[in-house]
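The values are calculated or read from the model by the stated rules, or taken from the named source; none is laboratory data. Not measured: the values here are computed from a predicted model. Ideal geometry is used to build each Cβ from the backbone, glycine not excepted, and the neighbour counts take in all protein chains shown. The area values use the complete protein model at the heavy-atom level, side chains included, leaving out ligands, DNA and RNA. Shrake-Rupley method; radii C 1.70, N 1.55, O 1.52, S 1.80 Å.
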Amino acid sequence: MSWLLRKVLALWVRVRVLPEDAAAQLRGRPRPLCYVLERRSATDLAVLQEWCARLRLPRPGRPLGGGTHELRSYLWLTRTRGLCGRRLDRRPPRQLAQMIAALRADPQADFELVPAAVYWGRAPHKEASWLRLLVSDDFAVVSRARRFLQVVLNGRDTLLELDEPLSLRTLLGAELGGAAPGRRVARTLRALYARRRAARIGPDLSHRRTIVNRVLRTRAVRAAVAQEMRERHLSRHKALQRARAYAWEIAANYSHAFVRLMEHALGWLWNRLYDGVVFGHAETLAAVAEGNEIIYVPCHRSHMDYLLLAYVIYVHGYAVPHTAAGVNLNLPLVGRLLRKGGAFFIRRSFGGNRLYTAVFMKYLAAIMGRGHAIEYFIEGSRSRTGRLLQPKTGMLLMTARSFLADPARPVIFVPVYFGYERLVEGATFVGELSGRPKQKESVRGLLGSWRVLRQRFGKVYVNLGEPIALSEILDRHDAAWRTRRFDDDTRLPWLAAAVDELAERIMRHINSAAAVTPVNLLALALLAMPRLALPEADLVRQLELYRSLLGSFPYSNRITVTALSGSEMLAYGESLRLIEREPHQLGDIVHMTVENAVLATYFRNNVLHLVALPSLVACVFVGNPRVSTADIQRLAWRVYPYIAAELFLHWSEAELPAVVEATLACLTGHGLIEPEPEIDGWRRPPPASAEAMHLSLLAQATLQIIERYYMVVAQLLLAGSGELTQAALEELCQQAAQRMTLLYGLNSPEFFDRATFANFIGLLRARGVVHPGPGGRLEFGEVLARVAQDARFVLSEQLRHSILQIMHA
């Protein structure tokens, strides 16, 4: 019967074996191999036997060898009991006891256990039927009828995972001579299977009501309920009802079946919206998924972010994370569906509500304790400018405190970069950047968004950044944290600094995984021109220059750059209707409309950090034909800390001199500057040359940032020390920037974004360039004058005069 079942299954079942080098790992082992299956299943065993034979591996079912010919070379870790077979017998298998007895009899003998797992229907990227999705693998005990359906419907999308062999003698250790040594081995193997299954399909979560009840029973929530009773004069019943309402408002209602159904629906949606979804550095998941608590921390560009990350993670064989979603998305029906997909809801502000805070923190700790991956956006809201927003550290702080209170498994943060070529919310963002109020999410708005299905949005890129271990950050701030006990009342003076460092590292790692698309490079090139136009040949050369610079001066090894040539990028931009062509006898002119230009600033800002340092060096040559290396280094030292903080650049100030030298060498290699031995420096190319034009266009990428900095410094010097508060200075600078945009036609709404001025002024205060005096008015000394002098060295005289005239007005 076993032979017949193998042959029948071989006609239908198609199996993918992981890891791909499993055969090489298991073939020719010096000790007898015994395959371990998690649960008793004739079909699983038949699949394992057939594919071991195809891979030319020792086949399960043959005698084990090693003087124990009566033993089989496979065993089931768990068997079913009861009339219907719905209960599990977790006692150590009898064959395991016989193998242990053989080891006791022969001190030189050993067996190698090979954990094997068969997942029916765990190849989601091939699934196209809702019925197949419903009967694919999960944590439930499978009946014979359901197994039959799994084989019929999902047999052609089956995954066989063979783990590395484990020495039985090593697993037993000192317990070989104990009374019940098999229990330790069985527990170890069950834990391994639980980790494997959690990594593939997610942990076995209890019903939502169970988690809510567990949260309400925690000491912290009970204490918060008691405080709510005292402060608001409520009965215990009403205070508990309020806490329960908060928990139900927050909690997800994850459903494996719903996730499987949505994989099919989202696959259809992405095919309608995008030309492709590209998942970069997927191998990162294999390195960190098992045995760790994974926290995905993406940048936030679009409402599509939630769905895209869950989709690409699932189709690559890993569990869908629980996602923190803004309570504004908890819409009728929509909120219920999001909860089934793993979303839990969080208010924009806790508003000093201690009961809500306690309930939320304990819910977060509960899902972390159960080993489910989590996803949240530390920017807090979607970026309207294309740059990373300053991180909000609230969720990071709660995650760190939950880990310190119960460090059950290491916490690993996985930064994620989203790169879009067009945004579904593009029109909305343009309106908000132009001054219109933000539109509230609503069911009506959602139903009206079906029109986007008629449009084309190019490709979307999802790149994983370098993982960050929370323990490494904690070690730098308190090396003895592992030896201490933490609870909800423990005060940790160093934790805030550790979380701030963690937030900065996450943002830098997101930027270090950027995807450079043709749309990004077209925006960089055309937005540098006052009339948003370039001759076709010049534009092609500029695009290829940017691509070459990114290749010869790589920002990080996780950056991905388009492989298209300059002319292919041009054709791609035309196909997306981002640019237009104006025929001319001397050569076509390629230009961008004003409407497209406003949103193109978004895509330029996505990758601005990658060219920030070459552009900053190019700025030096805008008004200076020759510059010494010492002056370039001094100007870079002066400006870099502020640009690094604004764009989350990853080089430290100590690394800056070497990076500037490498930048100069890169620009020289591309013919954009030339050595000038007389002044131990550099000179720009002749003004009429193509290289001079390319250098000037490169400089435009960061020139507006320098203008904004000069605007703040000039306004302070104009008013005098101790005359302006920070709020008044921000207001004046924003008004001047708005006026400058209107007068000179700048297509950059973020140029007059008040937040950018506030961040720069905050950095001036943090570095001691300015400081608050009486009444909060900002005072400064000679250092600010030197900063202004350096800005004059970079900005042309005409540009400085334009800024000063607007400020005097």
Per the filter on region 163-183, residues modelled with pLDDT of 85 or more, in contact with a helix residue (DSSP H, G or I) (Cβ under 9 Å, 6 or more places away or on another chain) and either β-branched (Val, Ile, Thr) or open to solvent by 10 Å² or more (accessible area, probe 1.4 Å) (or both) are ASP163, GLU164, PRO165, LEU166, ARG169, LEU171
Exactly one of ALA662, ALA644, ALA690 is surrounded by fewer than 18 Cβ atoms within 10 Å (Cβ to Cβ) and within 35 Å of the chain's Cα centre (by Cα), and that residue is ALA662
Among the residues of region 771-799, which ones are open to solvent by 20 Å² or more (accessible area, probe 1.4 Å) and at pLDDT below 80? ARG792, PHE793, SER796, GLU797, GLN798, LEU799
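One line per residue, one yes/no per condition, for (1) outside any loop (DSSP other than H, G, I, E, B); (2) open to solvent by 50 Å² or more (accessible area, probe 1.4 Å); (3) in contact (Cβ under 8 Å) with a residue 12 or more places away in the chain; (4) acidic (Asp, Glu):
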position	(1), (2), (3), (4)
GLU574	yes, yes, no, yes
ASN605	yes, no, yes, no
ALA630	yes, yes, yes, no
LEU635	yes, no, yes, no
Within region 1-71, helices (runs of 4 or more DSSP H) holding 3 or more residues that are of a type in the set (Asp, Glu) and surrounded by fewer than 16 Cβ atoms within 10 Å (Cβ to Cβ): none
Can you list the helices (runs of 4 or more DSSP H) lying wholly within region 208-277 that have 3 or more residues being of a type in the set (Lys, Arg) and open to solvent by 40 Å² or more (accessible area, probe 1.4 Å)? 219-232, 236-250
Taking the condition among the hydroxyl-bearing types (Ser, Thr, Tyr), open to solvent by less than 20 Å² (accessible area, probe 1.4 Å) and more than 28 Å from GLU731 (Cα to Cα), does SER615 pass? yes
Residue ID - modelled with the lowest pLDDT, chosen from residues in region 148-162 that are in contact with a strand residue (DSSP E or B) (Cβ under 6 Å, 6 or more places away or on another chain) and either under 24 Å from GLU290 (Cβ atoms) or surrounded by fewer than 13 Cβ atoms within 10 Å (Cβ to Cβ) (or both): ASN154
Can you confirm whether region 495-517 contains a residue that is in contact with a Lys or Arg (Cβ under 8 Å, 6 or more places away or on another chain), part of a loop (DSSP other than H, G, I, E, B) and acidic (Asp, Glu)? no
Go through the residues of region 738-754 one by one and say whether even a single one is more than 26 Å from GLN798 (Cβ to Cβ), surrounded by fewer than 16 Cβ atoms within 10 Å (Cβ to Cβ) and in contact (Cβ under 8 Å) with a residue 24 or more places away in the chain. yes
Looking only at region 397-418, count how many residues are assigned to a strand (DSSP E or B) and open to solvent by less than 10 Å² (accessible area, probe 1.4 Å). 7
So is ARG6 in contact with a helix residue (DSSP H, G or I) (Cβ under 8 Å, 6 or more places away or on another chain) and among the basic types (Lys, Arg) or not? yes
Take the residues in region 578-634 that are farther than 30 Å from ALA427 by Cβ and of a type in the set (Gly, Ala, Ser), then tell me which one is nearest to the chain's Cα centre (by Cα). ALA618
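Here's the yes/no breakdown for (1) small (Gly, Ala, Ser); (2) crowded, with 22+ Cβ neighbours inside 10 Å; (3) at negative phi:
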position: ASP487; (1), (2), (3): no, no, yes
position: THR490; (1), (2), (3): no, no, yes
position: PRO493; (1), (2), (3): no, no, yes
position: LEU502; (1), (2), (3): no, yes, yes
position: ILE510; (1), (2), (3): no, yes, yes
position: ASN520; (1), (2), (3): no, yes, yes
position: ALA533; (1), (2), (3): yes, no, yes
position: SER552; (1), (2), (3): yes, no, yes
Considering GLU441, GLU466, GLU472, GLU421, which residue is modelled with pLDDT of 90 or more, in contact with a helix residue (DSSP H, G or I) (Cβ under 9 Å, 6 or more places away or on another chain) and open to solvent by 40 Å² or more (accessible area, probe 1.4 Å)? GLU466
Give me the pairs: first residue in region 292-311 and closer than 21 Å to LEU364 by Cα, second residue charged (D, E, K, R) and crowded, with 24+ Cβ neighbours inside 10 Å, beta-carbon distance under 6 Å, and six or more apart or on different chains, which are they? TYR296/GLU375
List the residue pairs whose Cβ atoms are under 8 Å apart, where the first residue sits in region 508-534 and is in contact (Cβ under 8 Å) with a residue 24 or more places away in the chain, the second is in a helix (DSSP H, G or I) and of a type in the set (D, E, K, R), and the two are 6 or more positions apart or on different chains. VAL516/ARG547; PRO518/GLU568; ASN520/ARG604; LEU521/ARG547; ALA523/ARG604; LEU524/ARG604; LEU527/ARG604
